[in-house]
Every structure is written in C-alpha cells, then in structure tokens.
Amino acid sequence: MPPNLRLLLLEHDFEHDLKKQKQYGKISTYDAGGNLEARWYIYFSFRNPETGKLERQPNIYLNFADFDSLRARRKAVRIAVENLERILESGYNPYDEKSAEKARIKNSKVIALNKTVEEAITIGLNIAEKTLSTTSYPDHKSRVLQFKKYLIEEGFENAPMSTIDVVTIVDFLNQVLERSSARNRNNTRTGLSSLYATLKANFIVQENIVEEINILKATPTKNKTFTTDQEEKVLDLLRKKDPQLHLFVKFISLNFLRPIEVVRLTVRDISVTDKTLRVKAKNQPVKVKIIPKILLDDLPDFENHKLDDFIFKNMSGIADGTDINRRNYFSERFKKIKDELDLGKDYGLYSFRHTYITKLYREIRKTYSPFEAKSRLMLITGHTSMKALDSYLRDIDAELPEDYSALLKKKKQ
C-alpha cells in the first residue's frame, strides 16, 4: 500500500473517532450520604472544544432542599438527572450560548416534567373543567383532590408529578377500597387514569401509569322493580304528601327519563303544542321524545315562567346548582316516602323507570314477537341499540316465562 494512502486512511480513522467522542461525561449526584440538612446537587463534565478534554462544570443545586423526605428528594434528584441527560442529548453545549436556546426548544417537553404535584393537578383539573360535562366534573374533581390530599400527606407536595410511581397510586386506591367499596375504588382509578391521560398529553408525565393497575371485580347495585302492591302504595302516598314529587316521578315512569334527565328539563324544552320534549341524555347531546297524553294532561301551566327556568326548580324552590345536586335533592325527598313504607335501599327513583318499562314490554309482548316488541320499545325508552336494550331488560327481569306448572304435573295413575 502506498505510504501516502496509508496516511490518509489513518487520518480519516482518527477524525472519525473524534466525531464519535461523547461530548459530556457521566452525570453525578452529591447527596451527603442521605443527610437532608446538607445541600444536594448534581454535576457533570463537558468536553472543552479548545483542549478536547472533559472538564467539570459548575454544580447544579436546583430546589432539592424543598423535598423534606429522603424518598421524595431522591426522586427529585433522579428526575433532574434524567432531564439533564435529555437536555445534553438535545445538543446543549455550555461553551456555546446559542446551543442553550436550541436545546430548550428541542427539549421543551422536559420542562413540564418538573411540575410539582400541586401544579400538575391544578392544570389537570382546569382542563377537565373545560372538557367534562357539568355532571361528570364534580365527581372527577372530588376523586382527584382526594388523591392530591393523600400525596401531600405522604410528603410529595413539592415533588414533580412525574416522580410519582405506580406503587404509590396503588396504595392510595387500596385505602379507598378499605373505607368504601370495590366499585368506588374502580371509579377512582378511572378518574386518576383520566387525569394521567391529560397530564401525558401535556407532557407533564411520560406515561399513563394508572392504565396498568387492575380493575377489581365489583357487582353493581341496581334499584329493584316495584311489585304491583308496592307501586300502588308509593303512588298513593306521593299523591297525598308530595304532589310535586309525584309529577317528577311521572316523567320517569311515563316518559322513561332518568332522574338526572328530569332535573335538566327547562320550560324551553317542553312544547305542549308539538307534544314533545327535548332532553340532554346520557348517550347523546340532545334527543327529542314525545310527551304521551297520559303525562301531557297533568302538566302545569308554564306561561308565567322564563324559558330557561328549570321545571322542577320552580316547583320545589331549590336554588340553582349542579345536575347532581338537584337530582340528589329529589332522591332525598323520595327517601322520606319510601322510608314511611319501609322500603329498603334497593328501591329508588330508578325503580319507577324499571317498573314501567317492564309493564310496557310485557304489554307489547302480548301482540308481538320478542324482536318486534323490543324494536317498538327502543323508540320509546331511547336505548340506542338492541344489545343495550336486551341487557337492560335482562337486568330488570322484564321477560318472564309462562306458567310451566303443567309441564311438571304427573299423570294420575
């Protein structure tokens, strides 16, 4: 091989090796052996462009002293090291002022990872308030604030939200389970998963770690259907003691609305001329339903009311509030009625909906096949699919077999 060619090849290899040289050294930490009274910091070395040697850079102290527990402070240091690593990988060069701005832009997602529990949860709730319905938000807020209280009590108040691990969340959910139920624990898990999804979308946490937490088996509690005797006694007592609540119940029984849909009704939603009402339903923004004559004949005159007045606010005199508050108000009123009749917790306002859908279905079934009966029933109840209606009818035992006594009788010898 010619000497000049060998020289060129060696020069190329040397130049290539230089390009491969890492520009910064290992990021180190000083934790004073775990002494919380000492000043903790992180530091690293960077290659001096003039000498080509790694040189130690000034210590980085940040706000580590704000974390007053060993666990929280070590997590804060760890996240700071990870963030610094990303910043250096993004191109930051302490010897080049322009690189800092480039690295900041390229690594802007990292900045959010330092937001504290307080800051992160505030952001999450602000977004949720603007995106969730007025019905869903209060419950979501309550569950998230319980989680925040727990984190503060555990010493994570000033810790970056991104340092909270899945074990911590599981411990909180276990506490919820111990003081309430599997269903409430699962609902809280859903709320936290929604929070983390929002935080991930805003680069405040890297992953929605709540998703990996299992859902516990929980049997939902449902209101029972009234027997004929129970229904007659309840309606008779409502007529005598609470006519306003009696009308409220009619919207559930005769128009098959859910209690929370009834409390949303305003004067504007009722059209006596068209015999229709518009309601914000659970499964769609607004739906139109007919008002059957059996209910229309009992409607009061709303002529002197404002269009945006709630129908049952005017009758009950309760102040404006959330849909849930207004629904709970009527639930409490009904509790007084059912307590007088010694009906247990298995019965509530939903029992009227179950009872009257059962009645209607069984009446339609006298003339039509199961499929035809359900098809007609869907138009009345507002269920959006046959599958959903099938599941609902099974839950309330609407379909019962004919008397099968004859099949069991033995022929006389």
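The values are calculated or read from the model by the stated rules, or taken from the named source; none is laboratory data. Keep in mind that what you see is a predicted model, and the values were worked out from it rather than measured. FYI the Cβ positions are ideal-geometry reconstructions off the backbone, even for glycines, and counts take in every protein chain you see. The protein model used for the area step is the full one, side chains on, heavy atoms only, and it has no ligands, DNA or RNA in it. Shrake-Rupley method; radii C 1.70, N 1.55, O 1.52, S 1.80 Å.
What the table below lists for this structure:
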| quantity | calculated |
| --- | --- |
| Flag if Phe226 is in contact (Cβ under 8 Å) with a residue 40 or more places away in the chain, open to solvent by 50 Å² or more (accessible area, probe 1.4 Å) and more than 19 Å from Pro300 (Cα to Cα) | no |
| Filter result for Ser351 (without any contact (Cβ under 8 Å) to a residue 12 or more places away in the chain and under 37 Å from the mean Cα position of the chain (by Cα)) | no |
| Hits in segment 365-392 - residues which are within 25 Å of Leu247 (Cα to Cα) and surrounded by 14 or more Cβ atoms within 10 Å (Cβ to Cβ) | Leu377, Met378, Ile380, Thr381, Gly382, His383, Tyr392 |
| Condition broken by Arg353, with the remaining ones in (1) open to solvent by 90 Å² or more (accessible area, probe 1.4 Å); (2) within 21 Å of Asp242 (Cβ to Cβ); (3) modelled with pLDDT of 90 or more; (4) of a type outside the set (Ser, Thr, Tyr) satisfied | (1) |
| Subset of segment 127-142 (residues that are open to solvent by less than 70 Å² (accessible area, probe 1.4 Å) and either over 9 Å from the mean Cα position of the chain (by Cα) or within 16 Å of Leu199 (Cα to Cα) (or both)) | Ile127, Ala128, Leu132, Ser133, Thr135, Pro138, His140, Ser142 |
| Segment 56-91, residues that are open to solvent by 30 Å² or more (accessible area, probe 1.4 Å), touching a Leu at 6+ places or on another chain (Cβ under 9 Å) and in a loop (DSSP other than H, G, I, E, B) | Asp68, Ser69 |
| Scan of segment 229-261 for residues that are within 15 Å of Lys289 (Cβ to Cβ), in a helix (DSSP H, G or I) and without any contact (Cβ under 8 Å) to a residue 60 or more places away in the chain, ordered by number | Lys250, Phe251, Glu261 |
| Pairs where the first residue, in segment 74-88, is farther than 14 Å from Tyr43 by Cα and the second is of a type in the set (A, V, I, L, M) and part of a helix (DSSP H, G or I), C-beta under 7 Å, 6+ apart | Arg86/Val110 |
| Glu207 vs. criteria open to solvent by 30 Å² or more (accessible area, probe 1.4 Å), charged (D, E, K, R) and closer than 27 Å to Ala120 by Cβ | yes |
| Pick from segment 148-179, criterion under 17 Å from the mean Cα position of the chain (by Cα) and under 16 Å from Val205 (Cα atoms), ranking: least open to solvent (accessible area, probe 1.4 Å) | Ile169 |
| Selected residue (only one of Lys280, Lys275, Lys217 is touching a Pro at 6+ places or on another chain (Cβ under 9 Å) and farther than 30 Å from Glu340 by Cα) | Lys275 |
| Set Tyr392, Tyr361: member being farther than 12 Å from Phe256 by Cα and touching a His at 6+ places or on another chain (Cβ under 8 Å) | Tyr392 |
| Residues located in segment 39-55, provided they are within 30 Å of Glu153 (Cβ to Cβ) and surrounded by 14 or more Cβ atoms within 10 Å (Cβ to Cβ) | Trp40, Tyr41, Ile42 |
| Residue match in segment 393-408 (condition: surrounded by fewer than 19 Cβ atoms within 10 Å (Cβ to Cβ), more than 30 Å from the chain's Cα centre (by Cα), closer than 27 Å to Leu237 by Cβ and of a type in the set (S, T, N, Q)) | no |
| Among residues of segment 166-203, those that are under 17 Å from Lys115 (Cα atoms), without any contact (Cβ under 8 Å) to a residue 60 or more places away in the chain and not in a helix (DSSP H, G or I), counted | 0 |
| In segment 281-291, the residues that are in a loop (DSSP other than H, G, I, E, B) and either touching a strand residue (DSSP E or B) at 6+ places or on another chain (Cβ under 8 Å) or at pLDDT 95 or above (or both) | Ala281, Val286, Ile291 |
